[in-house]
Amino acid sequence: MLLPMIIGVAIGAFIYGVVPEDGLRFMAGGNVWWLIPLAAAIGIPLYVRLETMLPVALALSGAGVAIGPIFAMMISGSGASPPEISMLEAVFKPKLLATFVITILLAAMLAGYAMTIIL
């Protein structure tokens, strides 16, 4: 668990220290509806564990990114990763695998919108 945490802290420090706030300003608006599906779609290929994503989420939040897209990216990244999809590909038929990935995306988007409404 230490290695994923170190990787996440390094990515978070990079975002916090190197990426200018203007570079993330387009994601700061919580009322932009397309940010949550975009973040959910970006989360899947990132292949991040939840322990790794927490420091990244903290850095994104500190940069002004709304909580909904961050939460959607966390859910989708931990719910369906490329290695998991490749393992399931050996067991599932293509239609069932697509249903799995779409379900993870929808759950991540629903959670992101719920967090936007709640907070």
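Throughout, read-outs are computed from the coordinates displayed, never taken from laboratory work. As the structure is a prediction and not an experimental result, all values here were calculated from the model. Methodologically, a virtual Cβ is constructed for each residue, glycine included, from the backbone with ideal geometry; neighbour enumeration extends over all protein chains shown.
Summarised in one figure, the compactness ratio Rg/Rh of region 44-93, Cα atoms and Kirkwood Rh, is 1.10. With each label modelled as a point 7 angstrom along the Cα→C-beta vector, the residue 18-residue 84 pair spans 2.7 nm. The largest-to-smallest principal axis extents of the Cα set in region 69-109 are 31, 17, 7 Å. If R0 is 25 Å, the Cβ-Cβ spacing of residue 107 and residue 49 corresponds to a FRET efficiency of close to 0.90.
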